[in-house]
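Worksheet for the structure shown next.
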Amino acid sequence: MELLKINNLQVYYGYSQALFNINMEVTEGGIVVLLGANGAGKSTILRTISGIIRAREGNIEFRGQRIDRLQPHKIVELGIAQAPEGRELFPNLTVRDNLMAGQYTRSNKMEMKKDWDQVISWFPVLGERMNQHAGTLSGGEQQILAISRAFLSHPSLLLLDEPSLGLSPTLATKIFGVVHKIKQETGLTILLAEQNVMMALSIANSGYVFELGRVALAGKSRFLLEDKSVLQSYLGVS
Amino acid sequence: MLIQLIISGLALGSVYALIALALVLIYKGSRLLNLAHGELVTIGAYFSLAIIVQIKLPYLVALFPAVVVAGIFALIVERIVIRPLAGSEEWPILIATWGVSITIRGLIGLIWGHAPRPLPSPFTSQHLRWGVYSISGQELVIIITSLLMLLIFYLFFTRSKSGLGMQAVADNHLGASLCGISVRRINALTWIVSGMVAAVAGITVSPIFFLHVDMGFGLFLGAFSAAVLGGFGSIIGAITGGYLLGVIQTVTGGYMPAAIKSSVPFVILILVLVLRPTGIFGKAVIERK
C-alpha cells in the first residue's frame, strides 16, 4: 500500500498557480526524488505535504488518512518530518536544544535515547558541537543538524528539501552519502527534492520530474537515468 | 547615601526586571509589543487586594492565587483579542493591545473605583537595619520574590519541555512547527507565564506605591525603557536593563530634584536609541523590505 498518495493537487501563491493537477504516490521503503529546475514546484509540494501551505484543491493521504487540512505540528505527530529549504534551525539555541526540539513529540525515553545515540554515531561532529549555538555551525554542519532534527521525530516519511543547496560539491556528495546511509540502516522512506540530477538518481529508487508546476515525467531511477534525451530537455544535463 | 540609594534602586529594578521580562517573552513569542502589559501588572495587584480584603488571606499567601488568576486573565486576553488577529499586520495588533489597556483600566475603575487604594502588607512598617543602612521589609520582599520568580522562570525555561517549546517558538516559528510544536499552544502558554510574572511585580510593589488604575502603565513605560536599555528582544537584557534602570533612576532621584526622577526612564530610552539602539545585549537586525 502507498505510504503517501497525492490526488489532483492544485496549489496557489496568491493568484498565481504554483502546482497543477499533481498526482503522486510514495510507497514504503526507499528514496523517491523530485527533480526539476528552480521554481518547478518541488519545494511547494513538500511544503504542502507538511501543512505549511494549503492546497486549494485535491487531497493528500498518509496511510489512507487525509492530512491536507491538518496543522503542521499534527502532521509531524502522524509521522512526516521535514528538513526544509533554508534549514529553519534555531540559530540562537544550542545544537543539543535543536536536537531535543526534534524529539518534542515523543515520550518513549528508551527509543528517544536509541535514536539520539544513532544520530551521534552517524555524525560525531554534532556530538563535538553539542553546546555550540546552531547559528555558528558551517553550512554543511547545519544541513546535517537539520536532517538529524527531522530524523529524531522518528518519522515514517522523511522529506528533504534540497539538502545539497549552497554546499560545495564535496560537501554535497557527503550529504548524499548521509541520506543514503539513513535509508540503508533504517529502511526509512525518504522523499527528496533535488536539482543535482545525477547524484539524486544514483541513490533514489524512483523519481518525478517537475516542470513549471506539473509532473512532466515519472518512473524508476534507472529509466530516468537511461532516458538521456528526456533528462537533457527537462533538466539541461548534457 | 549612594549605597542606600542603590539598595532601594534594586527593589525598583526588580519590579522593572520582571515586567520587562514578561514584555520581551510576549514580544519574542508572538512578535508583538503588548501595550496592555502594564494592565497585567495592575490587574494582578487588584486581584491580590480582592483576595486579601474578601477572603482575608495573609498578604504572602494571597500572592499565589492572585498570580494564578492573573495568568488565566492573560490567557483570556490572548484568546479573545490576540489570537483572532494572528497573521494581520503589526499596527492593528498594536492598536488592539492599546484598546485592551484602556478597557482594563476602565473596568478596574468601575469595580474598584479610581481613587488610589493601599494594599495592606505587614512588611511595609518593618525595617531591617545594618549599620547606617536600612531596607524596608517590603523592599526586601520585592527583591527576594523577584529573584525567586526569576529562578523559577529560568528552571522552567531551560529544563522543561514547554520551556524548550517556548525557546524554539521564540527563535523560529516555522522551525518549531516542523518539530511538531504547536505554535498556538506555546503562544497561549507564553501569555499565561507573562501574566503571572507581571502580576508578581504588581503585587509586590503595590504596598509601597498604592494601587491605582494607571499604576501599571507607568511601570510599563519604565520596563519598556529597561528592555530597550538591555537590548530589546533579549531576555537576559530585559532583566539586566531592569535592575540597571531601577538603580540609575533611584540614585538620580536621590541627588536631583524629585521631579526629574520620573523622567529618567525616558531620558535613558532616548539616549540608548540615539547612541546604541541595540542596547547592551541586543543584536542588530537588518530587515529587507
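The values are calculated or read from the model by the stated rules, or taken from the named source; none is laboratory data. Just so you know, these numbers come straight off a predicted model, no measurement behind them. Glycine also receives a Cβ, built like all others from the backbone with ideal geometry; neighbour counts cover every protein chain displayed.
Checking A:Ala146 against (1) touching a helix residue (DSSP H, G or I) at 6+ places or on another chain (Cβ under 8 Å); (2) part of a helix (DSSP H, G or I); (3) not aromatic (Phe, Trp, Tyr), only one condition comes out false. Which one?
All conditions pass for A:Ala146, except number (1).
Looking for something at pLDDT below 95 and not in a helix (DSSP H, G or I) - is there at least one such residue anywhere in segment B:61-82?
Scanning segment B:61-82, I find no residue that is at pLDDT below 95 and not in a helix (DSSP H, G or I), so the answer is no.
Go through segment A:6-32 and give me each residue that's β-branched (Val, Ile, Thr) and in contact with a helix residue (DSSP H, G or I) (Cβ under 9 Å, 6 or more places away or on another chain).
A:Ile6, A:Val11, A:Ile22, A:Ile31
For segment B:68-86, how many residues are under 19 Å from B:Ile111 (Cα atoms) and of a type in the set (A, V, I, L, M)?
6
When you go through B:Leu85, B:Leu94, B:Leu63, B:Leu75 one by one, which is the residue that is more than 26 Å from B:Leu33 (Cα to Cα) and surrounded by 13 or more Cβ atoms within 10 Å (Cβ to Cβ)?
Exactly one residue qualifies, and that residue is B:Leu63.
Looking only at segment B:55-85, how many residues end up being under 21 Å from B:Ile104 (Cα atoms) and either of a type in the set (A, V, I, L, M) or free of Cβ contacts under 8 Å to residues at least 60 places away in the same chain (or both)?
17
Would you check which residues across segment A:63-114 are within 8 Å of chain B (Cβ to nearest Cβ) and of a type in the set (Val, Ile, Thr) and list them?
Those that are within 8 Å of chain B (Cβ to nearest Cβ) and of a type in the set (Val, Ile, Thr): A:Val76, A:Thr105.
Filter segment B:160-188 down to residues that are closer than 17 Å to A:Val95 by Cα, under 21 Å from the mean Cα position of the chain (by Cα) and among the hydrophobic types (A, V, I, L, M, F, W, C), then give me how many there are.
So the answer is 3.
Specify which of the listed residues (B:Gly233, B:Gly180, B:Gly237, B:Gly216) is within 14 Å of chain A (Cβ to nearest Cβ), under 23 Å from B:Ile82 (Cα atoms) and surrounded by 21 or more Cβ atoms within 10 Å (Cβ to Cβ).
Only one candidate passes the filter, namely B:Gly180.
Please state which of the following conditions B:Leu148 fails to meet, knowing it meets all the rest: (1) over 25 Å from B:Phe47 (Cβ atoms); (2) of a type outside the set (Val, Ile, Thr); (3) assigned to a helix (DSSP H, G or I); (4) free of Cβ contacts under 8 Å to residues at least 12 places away in the same chain.
Among (1) over 25 Å from B:Phe47 (Cβ atoms); (2) of a type outside the set (Val, Ile, Thr); (3) assigned to a helix (DSSP H, G or I); (4) free of Cβ contacts under 8 Å to residues at least 12 places away in the same chain, the lone unmet condition for B:Leu148 is (1).
Filter segment A:122-143 for residues that are outside any helix (DSSP H, G or I) and polar (S, T, N, Q) and give the result.
Selection gives A:Asn131, A:Gln132, A:Ser138.
Would you please name the residue that is farthest from the chain's Cα centre (by Cα), looking only at residues in segment A:35-53 that are within 14 Å of chain B (Cβ to nearest Cβ) and either closer than 28 Å to A:Leu225 by Cβ or free of Cβ contacts under 8 Å to residues at least 60 places away in the same chain (or both)?
Once the filter is applied, the top-ranked residue is A:Ile53.
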